[in-house]
Amino acid sequence: MNRVVIIGAGSVGATTAYALLISGTAAEIVLINRNRQLAEGQVHDLKDAALFAHTTRIVVGDFSDCQSADVIIITAGVHQTPGIRSRLDDLREGAGILRDIVLEIARHDPRGVLLVASNPVDVLTYAAWKWSGLPSSRVIGSGTSLDTSRFRRRLGERYAVAAENVHAYIIGEHGDSQVPVLSSAHIAGMSLEKFCCGQGVPYDVVALHAIAQETRSAGLQIQRAKGATYYGIGAALTRIAGAILRDENVVLTVSSLAPESLGLGAVCLSLPSVINREGVSRVLRISLNENEQQALQTSAEILQQHLALAGISERAAAGEERCLNT
Ligand code: NAD
């Protein structure tokens, strides 16, 4: 039986549970929340949808349920409040919440894959790997899976092609330093440039950079309009969980420990990765031009600074606060 535990039953956790239910991805969904009453309310609401969807067992649980879970999704965290609290406060509070949760999970010797969505997701994925003691392949962050989908959708709209036929990745940090990889983007087997040439439309680099910038700020725009984002991430988490449960070997941009051979240091960030029952079975070496390689290096350095600030890596945090407040 495919069992998914979701820790954190707020907007992201509940929406993920709903997406898992509607898609029939999990046979059992267990919700855990610090405020148990909230988890109970979410479970009753979800059960009301079950008859119209799939036969899925949905229950409120506790950390002992993590032992037999195939996927444990962590969505507990700091409420999304753009511009109200500093990113440093969010970083430290998020790390504190995650630490308690991961230590509790680890106590129950989990057999499945940890999937982190809480922000800052790359920093917290690294922390979850360190604190859980699990192999790095079994600790994944949702990373830029959502940004990649936003990017593909926008490119598809520009060229009037379905997003599923647009192959383009956002890699690096799920955040401001994310890297759009345009050099290897393609549609129907053709590079963007060749595709444009064949269609008689201009290959407009300025417009492509504007699409990359819109992708970067998309989450913030949604937060400003409605206070939080949850449908996109709920669907992305469901896609990743499904790939694990169905042993798919699908390629997704998720966050995981960067392979040493890439020389990016000890950080978790997103690269195209093969996802199956083991978690991240392989991180793929993507071809990048010089600017993209440099941008990926910068993204990794920023993440190292954030890890130091949160007291998660050994690197001294002194003098590095400014990078969070710019
Ligand atoms: P929310 O405030 O609606 O829900 C968070 C829930 O976590 C709350 O119900 C709270 O009670 C619970 N919680 C806090 N500490 C807990 C603990 N120790 N154990 C169990 N439950 C605990 O917030 P949200 O909108 O659902 O966002 C949750 C997280 O997801 C945030 O960190 C947010 O930034 C992140 N997020 C990530 C992405 C992404 O792309 N990775 C997208 C959207 C949101």
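The values are calculated or read from the model by the stated rules, or taken from the named source; none is laboratory data. Remember, predicted model here, so these are calculated numbers, not experimental data. Every residue, glycine as well, gets a Cβ built from its backbone with ideal geometry; the counts of neighbours run over all protein chains shown. Surface areas here come from the heavy atoms of the whole protein model, side chains and all, with no ligands, DNA or RNA. Shrake-Rupley method; radii C 1.70, N 1.55, O 1.52, S 1.80 Å.
Any residue at all in the stretch 54-77 that's surrounded by 17 or more Cβ atoms within 10 Å (Cβ to Cβ), within 12 Å of the ligand (Cβ to nearest atom) and modelled with pLDDT under 95?
Yes.
Quick check on the stretch 156-179: of everything there that is in contact (Cβ under 8 Å) with a residue 60 or more places away in the chain, part of a strand (DSSP E or B) and open to solvent by less than 40 Å² (accessible area, probe 1.4 Å), which residue is farthest from GLN293 (Cα to Cα)?
Checking each candidate, the answer is ILE170.
When you go through (1) within 11 Å of the ligand (Cβ to nearest atom); (2) touching a residue at least 12 places away in the same chain (Cβ under 8 Å); (3) under 27 Å from GLY41 (Cα atoms) one by one for THR81, which number turns out not to apply?
(2)
Can you run down the residue pairs with Cβ atoms below 7 Å, 6 or more apart or on separate chains, where the first is in the stretch 55-75 and within 17 Å of THR15 (Cβ to Cβ) and the partner is modelled with pLDDT under 95?
THR56/ALA50; ILE58/ALA50
Quick one: which strands (runs of 3 or more DSSP E) lie wholly within the stretch 49-155 and hold at least 3 residues that are farther than 30 Å from GLU214 by Cβ?
Ranges flagged: 57-60.
Run down ALA235, ALA210, ALA225 and say which single residue is aliphatic (A, V, I, L, M), without any contact (Cβ under 8 Å) to a residue 60 or more places away in the chain, within 22 Å of GLU164 (Cα to Cα) and open to solvent by 10 Å² or more (accessible area, probe 1.4 Å).
ALA210
Among the numbered criteria (1) open to solvent by less than 30 Å² (accessible area, probe 1.4 Å); (2) closer than 21 Å to SER118 by Cα; (3) of a type in the set (D, E, K, R), which single criterion is violated by GLU28?
So GLU28 meets the others, but not (2).
Looking only at the stretch 269-295, which residues are loosely packed, with under 14 Cβ neighbours inside 10 Å and in contact (Cβ under 8 Å) with a residue 12 or more places away in the chain?
SER281, LEU284, ARG285, SER287, ASN289
Looking at the stretch 7-14, is at least one residue surrounded by 23 or more Cβ atoms within 10 Å (Cβ to Cβ), more than 8 Å from the ligand (Cβ to nearest atom) and modelled with pLDDT of 95 or more?
Checking the stretch 7-14: not a single residue is surrounded by 23 or more Cβ atoms within 10 Å (Cβ to Cβ), more than 8 Å from the ligand (Cβ to nearest atom) and modelled with pLDDT of 95 or more.
Search the stretch 31-40 for residues being in a helix (DSSP H, G or I) and open to solvent by 40 Å² or more (accessible area, probe 1.4 Å), and hand back the single one that is nearest to the ligand (Cβ to nearest atom).
Among them, the one singled out is LEU38.
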